[in-house]
Amino acid sequence: MRRGHQEDAEEFLGFYLDTLEEELLGLSSSLNSDSGSAESKPNAVEEEQEDAPAEEGWSEVGKRNRVIVTRTVKSMDTAISRIFGGTSRSTIRRPGTHDSVIVEDWRHLGLDIQPENVKTIEDALRNLSRPETVQVTSPQSGTLIDASKQYLVDSLPPILVLHLKRFHYDSVAKDVVKIRKNVRLSPELEFPDESIVSAHRGRSTTRYKLYGVLYHHGLSATGGHYTLDICHAGKTREAWNRGWKEEWIRIDDEFVSDLQPRDVFDISTESDDRVAYLLFYRQIVTSTRV
C-alpha cells in the first residue's frame, strides 16, 4: 500500500483484517508456549475423513436419508473470526450421485446487484441463495452434465459486512465498468430465511442494525473517491432538538459533518457518482449465534 495510491476499499479491508489476524496469531503464539493450541496453528485448515469416499469429504445423512459428502475448509478461531466470521454451505446436486457440500468461512458477503429484481439489500441476499445451474463432470461417464448449485449461510457473525459488487467486466466495452445502480437501505436488516440453512431459520440472531456505509464516488471503475457515513453513539444537541432517534456523521478525508437520517436512507439523495459500496451491520440480538 502506497501513500496517495488508489486502492479498492473491499480489498483493503480484507488485507487489513488478514494482517491484523496474523499479528494477533503471532502475539498469541509468542505468549503461549503450547505449540498445539488453536491460536498457534496455521490460519486455515481443511478437515477430511481418513477413510473418505471418492469425493474426499465427510459422509452425512441429509433429508430423506440421502447421503451427502461434506468437505470443510475453515479458518482458526481468533478474535477476528469471532467478530466478523460466518460460515456458508455450497451444495452441488448431481443426478445419480451423492450431493456434494463445501462448508467455508467468510468475513464478508459479496452481493450481486445487477439483476432487475434486486432493489433492496434483502433482495440481493435472496438472490445470493437462488439455485443456479452449473456444469460438472459426471463421475460415471466423465462428460459434462448439468447440476444444481445453491449457496446458503450456515452461521452469522456479530458484525456483518456486505460488499455490493459494483465493478464487473463488460464484454461490449471490453473493460471493467462501474454499476451505478441504487439499492435501497433500511436502518434494520432481517436476514432472509431463504438465505439460511433450514436448521437455523427463524432464530432471533438474524436481525441487524446498519451502523456504517462506505460510498464510492466517481463514474469510473479505475478511480474515484471514498466517503464513510457512521451512526454516532452519542447524540449532539442538534439531534436531540430535531427529535432524531440517532445521529449520523459523514467522514470525507479530513472533513467530518453532521447528517440527517434521510441523507443515508433516502435513495433519492444518491447520485450516479456516489453509491453504497460496503455496508456494516451489528447484530441486534446476540444471545445465541445462528
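The values are calculated or read from the model by the stated rules, or taken from the named source; none is laboratory data. Keep in mind the model is a prediction, meaning the values are calculated, not measured. Methodologically, a virtual Cβ is constructed for each residue, glycine included, from the backbone with ideal geometry; neighbour enumeration extends over all protein chains shown. Only protein heavy atoms, including side chains, enter the accessible area calculation; ligands, DNA and RNA are left aside. Shrake-Rupley method; radii C 1.70, N 1.55, O 1.52, S 1.80 Å.
Mind listing just one residue for me: the one in region 156-190 that is open to solvent by 80 Å² or more (accessible area, probe 1.4 Å) and touching a strand residue (DSSP E or B) at 6+ places or on another chain (Cβ under 7 Å) and, of those, nearest to residue 11 (Cα to Cα)?
It comes out as 165.
Taking into account only those residues within region 20-43 that are surrounded by 11 or more Cβ atoms within 10 Å (Cβ to Cβ) and hydrophobic (A, V, I, L, M, F, W, C), which is modelled with the lowest pLDDT?
Going through the qualifying residues, I end up with 38.
Only one of 47, 56, 104 is at pLDDT below 85 and touching a Ser or Thr at 6+ places or on another chain (Cβ under 7 Å). Can you tell me which?
Residue meeting the stated conditions: 47.
Go through region 203-223 and count every residue that is open to solvent by 70 Å² or more (accessible area, probe 1.4 Å) and within 17 Å of residue 158 (Cα to Cα).
Residues flagged as open to solvent by 70 Å² or more (accessible area, probe 1.4 Å) and within 17 Å of residue 158 (Cα to Cα) within region 203-223 amount to 2.
For a quick check of your reading of the model, give me the residue pairs whose first member lies in region 168-186 and is part of a strand (DSSP E or B), whose second is modelled with pLDDT under 80 and exposed (fewer than 14 other Cβ atoms within 10 Å of the Cβ), with beta-carbon atoms closer than 6 Å and at least 6 apart or on different chains.
Going by the 6 Å Cβ cut-off, the qualifying pairs are 176/169; 177/170; 184/267.
In this structure, is residue 83 in contact (Cβ under 8 Å) with a residue 24 or more places away in the chain, surrounded by fewer than 18 Cβ atoms within 10 Å (Cβ to Cβ) and aliphatic (A, V, I, L, M)?
yes
Residue-by-condition table, conditions (1) modelled with pLDDT of 85 or more; (2) within 16 Å of residue 113 (Cα to Cα); (3) part of a strand (DSSP E or B); (4) not β-branched (Val, Ile, Thr):
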| position | (1), (2), (3), (4) |
| --- | --- |
| 199 | no, no, no, yes |
| 210 | yes, no, yes, yes |
| 222 | no, no, no, no |
| 231 | yes, no, yes, yes |
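Being hydroxyl-bearing (Ser, Thr, Tyr) and out of contact with any Gly (no Cβ under 8 Å at 6 or more places or on another chain) is the filter; apply it to region 139-166 and report the residue that is nearest to residue 277 (Cα to Cα).
So, considering only residues that are hydroxyl-bearing (Ser, Thr, Tyr) and out of contact with any Gly (no Cβ under 8 Å at 6 or more places or on another chain), the one nearest to residue 277 (Cα to Cα) is 151.
Hey, among the residues in region 108-121 that are of a type outside the set (Val, Ile, Thr) and in a loop (DSSP other than H, G, I, E, B), which one's surrounded by the fewest Cβ atoms within 10 Å (Cβ to Cβ)?
If we take residues in region 108-121 being of a type outside the set (Val, Ile, Thr) and in a loop (DSSP other than H, G, I, E, B), then 116 is surrounded by the fewest Cβ atoms within 10 Å (Cβ to Cβ).
Does residue 247 satisfy being modelled with pLDDT of 70 or more, acidic (Asp, Glu) and in contact with a His (Cβ under 6 Å, 6 or more places away or on another chain)?
Answer is yes for this residue.
With respect to residue 124, is the statement that it is part of a helix (DSSP H, G or I), open to solvent by 70 Å² or more (accessible area, probe 1.4 Å) and small (Gly, Ala, Ser) true?
no
Give me the pairs, please: first residue somewhere in region 252-278 and over 14 Å from residue 180 (Cα atoms), second residue anywhere and at pLDDT below 85 and assigned to a strand (DSSP E or B), beta-carbon distance under 8 Å, and either six or more positions apart or on two chains.
Going by the 8 Å Cβ cut-off, the qualifying pairs are 258/247; 259/247.
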